[in-house]
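Step one of this worksheet: look at the structure below.
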């Protein structure tokens with residue numbers, strides 16, 4: 001059997017490799033199904049989950065690598081719970097019993113919500129494949145409402161963010177301090193600042209460590225020679241919003257000064273390097289651990305999490321009278337509805353309207 005040559009995801013053989021992988025996976029499933037013991041029942045969730053993971057035109061093939069990793073993790077949980085059962089047995093009563101059993105085991109609302117969202121995705125794929133039992137299951141699941149935890153109402157103030165920044169600097173975490181400033185001032189996601197390590201083929205280029213490649217973070221080539229602008233394609237929305245953002249660094253001279261202070265003579269590669277990594281970028285867990293340590297030293301409440309930085313940026317901007325559309329663009333969102341989930345101080349907004357209505 002002739003296989004496509006190895007390479008990287010952007011070369012001309014990537015489509016052929018992906019097609020061959022899916023073809024081989026289908027052959028394995030077929031072989032497994034045809035064995036006397038055990039059999040993969042084509043009417044089972046195990047079979048449909050496998051199709052969702054491997055079909056060439058499955059929706060999972062269209063998502064980013066980090067999203068796909070999360071999907072696969074959820075699919076494994078789905079397989080453990082439902083894989084052996086038949087699709088046609090997924091009645092409304094059975095769904096509610098599964099939901100109740102999860103709650104009794106102490107599963108969080110968000111855990112249960114993610115589980116059923118994954119089940120819906122798989123059922124919809126089966127519906128697209130015109131599998132009758134999946135058509136019925138998708139129809140039933142569409143009517144099931146699964147609660148999720150209410151949106152967080154916690155956010156850091158500017159003073160709290162900069163208390164953490166200054167504490168990081170005092171403890172020698174200059175790169176981390178700079179990254180937090182960039183996250184807050186430009187309302188960026190952590191992944192677009194520190195980057196992330198995703199599983200990869202070791203034959204691919206880039207910065208590799210333990211079978212993972214670093215990507216999506218800030219690199220020196222995103223800045224002009226005078227460090228007056230930062231051009232960044234937002235990773236999460238690069239398909240729906242393919243135009244990169246150009247951020248004005250002169251509006252935040254403190255960030256520019258710190259960049260100038262750490263810029264090496266031959267400025268290439270990642271900007272923010274972990275303190276004890278041998279010159280490698282931060283991992284997700286390393287970044288979060290640094291936040292927790294500096295937060296504790298700065299005596300900022302534990303309820304303020306890394307994920308709340310963007311909420312703090314959006315809330316501050318809203319309190320200064322920034323318009324809805326400006327907020328949407330500043331937060332790099334496609335819809336204002338998404339931005340609203342990051343905005344806090346709703347009571348203050350409501351009271352402002354009351355004051356305006358009664359001002360004469």
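Points to keep in mind about this one:
- Residue count for the stretch 104-135, restricted to those that are out of contact with any helix residue (DSSP H, G or I) (no Cβ under 7 Å at 6 or more places or on another chain) and over 23 Å from residue 72 (Cβ atoms): 4
- Screening residue 28 on (1) under 23 Å from residue 88 (Cα atoms); (2) at pLDDT 70 or above; (3) over 29 Å from the mean Cα position of the chain (by Cα) shows it passes everything except condition (1).
- Residue match in the stretch 54-77 (condition: farther than 30 Å from residue 235 by Cα, at pLDDT below 95 and touching a helix residue (DSSP H, G or I) at 6+ places or on another chain (Cβ under 6 Å)): no
- Wholly within the stretch 268-360, helices (runs of 4 or more DSSP H) carrying at least 2 residues that are at pLDDT below 75 and either within 24 Å of the chain's Cα centre (by Cα) or surrounded by 21 or more Cβ atoms within 10 Å (Cβ to Cβ) (or both): 324-330, 336-340
- Residue satisfying all of: in the stretch 238-267; part of a helix (DSSP H, G or I) and under 19 Å from residue 189 (Cβ atoms); modelled with the lowest pLDDT among these: 249
- Within the stretch 61-73, being closer than 22 Å to residue 128 by Cα and either without any contact (Cβ under 8 Å) to a residue 24 or more places away in the chain or part of a loop (DSSP other than H, G, I, E, B) (or both) holds for 62, 63, 64, 67, 68, 72.
- Only one of the numbered conditions (1) within 27 Å of residue 291 (Cα to Cα); (2) part of a helix (DSSP H, G or I); (3) outside the structural domain of residue 187 (by TED's automatic domain parsing) is violated by residue 168, and that is (3).
- For residue 154, the criteria (1) farther than 22 Å from residue 291 by Cα; (2) in a loop (DSSP other than H, G, I, E, B) hold in every case but one, which is (1).
- Residues in the stretch 136-164 that are surrounded by 14 or more Cβ atoms within 10 Å (Cβ to Cβ) and free of Cβ contacts under 8 Å to residues at least 24 places away in the same chain were compared, and the one that is farthest from residue 306 (Cα to Cα) is 138.
The values are calculated or read from the model by the stated rules, or taken from the named source; none is laboratory data. Since this is a predicted model, take the numbers as computed values, not measurements. Methodologically, a virtual Cβ is constructed for each residue, glycine included, from the backbone with ideal geometry; neighbour enumeration extends over all protein chains shown.
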